[in-house]
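The values are calculated or read from the model by the stated rules, or taken from the named source; none is laboratory data. Here the structure is a predicted model, which means the values were calculated and not measured. Using ideal geometry, Cβ is built from the backbone for each residue, glycine included, and neighbour counts are taken over all protein chains shown. Surface areas here come from the heavy atoms of the whole protein model, side chains and all, with no ligands, DNA or RNA. Shrake-Rupley method; radii C 1.70, N 1.55, O 1.52, S 1.80 Å.
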Amino acid sequence: MLTTVHKNFVKQIDFFNALTEDQFQDTWSKAHLFKLNKEDLLFSQGDSVKCFYLVFSGLVKLSRFSADGQEKVIEVVKPGETFAEAMMFLERPDVLVTASALNETEIISFESAAFLRTLKNSPDTCLAMLGNMSLRIRGLIQEIDHLSVQTGRQRLSSYLLNLAGDNDHLQLSIPKSVLASRLSIRPETFSRIIKQLRSTETIQVDGIDIKILDREQLEEFALV
């Protein structure tokens, strides 16, 4: 059941914040809450969806499967982020990915057709949504660049530096197997890279807790 806490959370999202109060209330009246357990599916690759989604809590894995069943993690969606909103602009809204929960997750869905009608009367919301989608496309293009020119060690080192920010301690919020797929690194290669970073005393690993011991060295690994 949706609560005031969920409602206030949604109001903080840029393109919902751009709605008038009447537009927001109309959108909110058609919203639904999904509670997923770990590994539960929200939708599968090829399904037709009539909603787009906002993660309230937990993590959602978006992935594609090859003909032989190999999984490639496309994105891990965090609280405050939306997904599947591009489908509302297509005549055949068949999703290209599978969405599943990485842990206990709450997701809020919004009816695409109703929200599209609202967009036609809200230029500010259109611009906010376009900005959000443009940033995501830019991020995907950057990722393609990294995949084509960077080694696995460079991608993992860059990921750890970005996740850590100015801190030397960080926690992995997603399983290492999922992270490996997200970075397009084979599991055995991922383990080997972690071992290299530990043996060079660049990082210290204790389960999901990672401590950067030599930031300068990690930055060099990200560049070389």
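What is the dipole size for the chain, taken about its Cα centre, with +1 at each Lys and Arg Cβ and -1 at each Asp and Glu Cβ, in debye to the nearest 20?
Values: 25 positive and 30 negative charges, 72 e Å.
Rounded to the nearest 20 debye, it is 340 debye.
May I ask you to list, by number, the DSSP H helices of the chain whose Cα span along the axis is at least 27 Å and whose average Kyte-Doolittle hydropathy reaches -1.0 or more? Those that clear 27 Å and a mean of -1.0 are 123-149. Pairs exceeding a 25 Å alpha-carbon distance, out of Lys7/Lys50; Lys38/Lys78; Lys72/Lys211: Lys72/Lys211.
Using a probe of 1.4 Å on the protein chains alone, the accessible area found for Leu59 is around 10 Å².
Hey, what's the per residue convex hull volume over the C-alpha atoms of segment 1-99, in cubic angstrom?
Working: hull volume 10.8 nm³, N = 99.
Looking at segment 1-99, the number lands at 109 Å³ per residue.
Take Glu219: with every protein chain present and a 1.4 Å probe, its accessible area is about 80 Å².
The heavy atoms of Met88 offer some 20 square angstrom of accessible surface to a 1.4 angstrom probe. If the segment from Ala113 to Leu130 were pulled out straight at 0.36 nm per residue, it would be longer than the present Cα-Cα gap by 4.4 nm. For segment 1-55 versus segment 90-112, the spacing of their alpha-carbon centroids is 10 Å.
Quickly rank 156-166, 104-114 as a protection proxy: mean count of other C-beta atoms within 10 Å, highest first.
Working: 156-166: 16.0, 104-114: 18.5.
Ranked by mean Cβ neighbours within 10 Å, highest first: 104-114, 156-166.
Taking a ≥ b ≥ c as the square roots of the eigenvalues of the Cα gyration tensor, segment 157-224 is rounded, since a/c falls below 1.5.
By its C-alpha gyration tensor, with a ≥ b ≥ c as the square roots of the eigenvalues, how is segment 36-92 shaped: rounded for a/c under 1.5, else prolate for a/b larger than b/c, else oblate? Could the numbers behind the result be given before it?
Working: a/c = 1.83, a/b = 1.06, b/c = 1.73.
Because a/c hits 1.5 or more and a/b fails to exceed b/c, segment 36-92 counts as oblate.
Which shape class applies to segment 111-183: rounded if a/c is under 1.5, otherwise prolate when a/b exceeds b/c and oblate if not, where a ≥ b ≥ c are the square roots of the Cα gyration tensor eigenvalues? It is prolate, given that a/c is not under 1.5 and a/b is the larger ratio. Share of carbon and sulfur in the accessible area of segment 178-224 stands at 47%, probe radius 1.4 Å.
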